[in-house]
Amino acid sequence: MALEAGVLGAALAASIVDALTAGGRRYDNGRLVMSRLGADPQQLTFPDGESAKSAGVSSSELVTAHAVSGAPFVTATSALAPPAPLIRDLLSLLGRLLSVPALRRLAVDRLGRAPVKAAPRLRKHSWGHAVVEWADGTRREGWLRAGDGMDFTADITATVTELLARGVGRPGGLDTGRRLRG
């Protein structure tokens, strides 16, 4: 994603601190369970030949993948999560410290006022990646290519919200027009 110059902002700072205090999550046998922030590190090679490291996070994508698929085991990773073991250990400790309400408020306040320098996107595309494995060993992999990941997320959210507000469609996951789960 591209960054504009300014300050980080209270909302993003709170999201970052919340991610640190929450740690990671995954679905294990249909139950949402805690996992370590940065678990399941991976090196992904994108269809365009570029690559990036990703690691486990607690995210809306995790909850959505489970809700739509009904799969009993689901993990979600992000290139924004720390894949290095030492960094994961330090962030885990920091997350425990930030779970103290006074320290959380201080961190959100200070981080929210932190200056951010403008930076272009690191890659031409953002990529979404899904791997599905069945008990019989069958495996499928898919990729979603978008421009700036944050712009894509905002555009999809606004479009779906507008369509639902107009009464077009129903909430839930869809697969080639066929309703899976709501």
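Listed residues 17, 33; which is β-branched (Val, Ile, Thr) and in a helix (DSSP H, G or I)?
Just a single option satisfies the conditions, and that option is 17.
Please state which one of 59, 54 is within 17 Å of residue 13 (Cα to Cα), touching a residue at least 12 places away in the same chain (Cβ under 8 Å) and surrounded by 12 or more Cβ atoms within 10 Å (Cβ to Cβ).
59
Within the stretch 94-115, does at least one residue satisfy the condition of being out of contact with any Leu (no Cβ under 9 Å at 6 or more places or on another chain), modelled with pLDDT under 90 and part of a loop (DSSP other than H, G, I, E, B)?
For the stretch 94-115, residues out of contact with any Leu (no Cβ under 9 Å at 6 or more places or on another chain), modelled with pLDDT under 90 and part of a loop (DSSP other than H, G, I, E, B): absent.
Pairs, please: C-beta under 7 Å, at least 6 apart or cross-chain, first residue under 12 Å from residue 19 (Cα atoms) and in the stretch 84-112, second open to solvent by 80 Å² or more (accessible area, probe 1.4 Å)?
92/36
Please verify whether residue 45 is modelled with pLDDT of 85 or more and either open to solvent by 70 Å² or more (accessible area, probe 1.4 Å) or under 12 Å from residue 24 (Cα atoms) (or both), treating the condition exactly as stated.
yes
Please go through the stretch 129-153 and give me each residue that is surrounded by 13 or more Cβ atoms within 10 Å (Cβ to Cβ), farther than 18 Å from residue 44 by Cα and of a type in the set (A, V, I, L, M, F, W, C), ordered by number.
150, 152
The values are calculated or read from the model by the stated rules, or taken from the named source; none is laboratory data. These numbers come from a predicted model, not from an experiment. Using ideal geometry, Cβ is built from the backbone for each residue, glycine included, and neighbour counts are taken over all protein chains shown. Quick note on the areas: whole protein, heavy atoms, side chains included, nothing else; ligands and nucleic acids left out. Shrake-Rupley method; radii C 1.70, N 1.55, O 1.52, S 1.80 Å.
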